[in-house]
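The values are calculated or read from the model by the stated rules, or taken from the named source; none is laboratory data. On a predicted model such as this, the values are computed, not experimentally measured, just so you know. Cβ coordinates were reconstructed from backbone atoms using ideal geometry, including for glycine residues, and neighbour counts include every protein chain displayed. Areas reflect the complete protein model, heavy atoms only, side chains present, ligands, DNA and RNA absent. Shrake-Rupley method; radii C 1.70, N 1.55, O 1.52, S 1.80 Å.
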Amino acid sequence: MPPAKKRPRAYDHLRTRTAVLAQYGHVRDAVSALTPDQLARPTRLDGWTVHDLVAHIALGLGAVSRDLALPEPPGPKPGTTLLEWAPAVAAAVRDTTAPPPSAGHPDLTALYEEVEAAFLADVPASGTGDRLLTTRVGSMRLADVLVTRTVELTVHTDDLNEALGLEIPYDRQALAACTRLLADTLADRAPGGSVEVRVPPFAVVQCIGGPKHTRGTPPNVVETGPLTWARLATGRTEWARALADAEVSASGERADLAGLLPLLA
């Protein structure tokens with residue numbers, strides 16, 4: 001009998017909205033101080049400069065307002081759930097003929113202000129977030145879309161820090177939501193109870209079929225930090241490298257996640 005599906009984690013819509021705005025604000029403040037030389041530097045994203053990445057971050061949040069402007073798709077249930085988001089994005093085909101994100105957006109300060117103003121106007125600081133949006137991976141609840149924005153903002157903040165040697169801060173709630181969604185996605189992809197994956201202080205999940213642990217110290221444990229987990233889950237670093245660099249500890253014969261990562265490439 002296959003392992004029973006667990007009830008999806010609940011996220012507070014308004015706390016997520018606050019977290020998204022906070023992390024976006026951290027990036028906005030850093031972007032306002034970047035020099036032309038910094039904007040021209042390469043990033044670890046193939047073919048993208050810092051300017052491309054910075055524009056992409058703003059456009060990613062701007063997509064919320066864009067999608068809210070479209071007619072609401074027929075409901076009442078979304079076509080894509082939160083746990084289906086990462087696989088859906090990973091399966092999407094990237095258009096290599098598309099212009100870089102920075103094309104048409106030379107004034108980054110104006111872009112960031114425009115996107116933030118639209119978000120504040122379009123996503124009210126009240127409500128449940130149950131409104132359905134048509135997104136590129138199917139219809140989703142607004143509340144779920146905002147959780148996905150914490151992943152985008154957190155991961156791309158890390159991309160910026162890596163490219164420029166900066167220390168743009170991470171909003172704790174945004175980092176927590178990002179960590180939990182990616183951990184829950186792993187557990188959904190490989191259901192079971194033989195391996196415990198710990199990403200303190202935000203998430204603990206059990207995954208991979210086999211003997212289920214019920215008490216005491218689990219025989220198979222993986223533990224890492226939130227940023228390393230985000231890098232592993234999105235293909236920024238490889239499992240073997242993280243182990244070699246002591247960024248991940250893995251004990252037990254089943255504690256090998258190499259075949260399950262990345263979750264979102």
Quiz item: For the range 84-106, does any single residue satisfy the condition of being closer than 18 Å to residue 25 by Cα, surrounded by 15 or more Cβ atoms within 10 Å (Cβ to Cβ) and touching a helix residue (DSSP H, G or I) at 6+ places or on another chain (Cβ under 9 Å)?
Solution: no
Quiz item: Any residue at all in the range 41-53 that is part of a helix (DSSP H, G or I), closer than 28 Å to residue 107 by Cα and free of Cβ contacts under 8 Å to residues at least 60 places away in the same chain?
Solution: yes
Quiz prompt | Subset of the range 58-69 that is within 24 Å of residue 171 (Cα to Cα) and out of contact with any Phe, Trp or Tyr (no Cβ under 8 Å at 6 or more places or on another chain) - its residue that is most open to solvent (accessible area, probe 1.4 Å) | solution = 59
Quiz item: Do we have any residue at all in the range 143-153 that's buried (at least 16 other Cβ atoms within 10 Å of the Cβ), closer than 20 Å to residue 55 by Cβ and among the basic types (Lys, Arg)?
Solution: yes
Self-check item: Those residues of the range 231-265 which are assigned to a helix (DSSP H, G or I), hydrophobic (A, V, I, L, M, F, W, C) and touching a residue at least 24 places away in the same chain (Cβ under 8 Å), in sequence order
Solution: 232, 233, 260
Quiz item: How do the pairs read when you match residues in the range 63-85 that are farther than 23 Å from residue 182 by Cα with residues anywhere that are of a type in the set (Val, Ile, Thr) and surrounded by 17 or more Cβ atoms within 10 Å (Cβ to Cβ), using Cβ under 6 Å and keeping only pairs 6 or more apart or on different chains?
Solution: 67/135
Quiz prompt | Residue that is nearest to residue 156 (Cα to Cα) [pool: residues in the range 30-50 that are surrounded by 15 or more Cβ atoms within 10 Å (Cβ to Cβ) and touching a Lys or Arg at 6+ places or on another chain (Cβ under 9 Å)] | solution = 50
Quiz item: Scanning the range 157-187 for residues that are open to solvent by 20 Å² or more (accessible area, probe 1.4 Å) and under 11 Å from the mean Cα position of the chain (by Cα), which turns out nearest to residue 221 (Cα to Cα)?
Solution: 180
Quiz item: So which strands (runs of 3 or more DSSP E) are wholly in the range 105-224 and hold at least 3 residues that are farther than 24 Å from residue 88 by Cα and free of Cβ contacts under 8 Å to residues at least 60 places away in the same chain?
Solution: 221-224
Self-check item: Options 195, 199: the member that is under 22 Å from residue 159 (Cα atoms), touching a strand residue (DSSP E or B) at 6+ places or on another chain (Cβ under 8 Å) and either open to solvent by less than 20 Å² (accessible area, probe 1.4 Å) or at pLDDT 95 or above (or both)
Solution: 199
Quiz item: Residues of the range 228-258 being under 25 Å from residue 150 (Cα atoms) and more than 14 Å from the chain's Cα centre (by Cα), which ones?
Solution: 237, 238, 239, 242, 247, 248, 257, 258
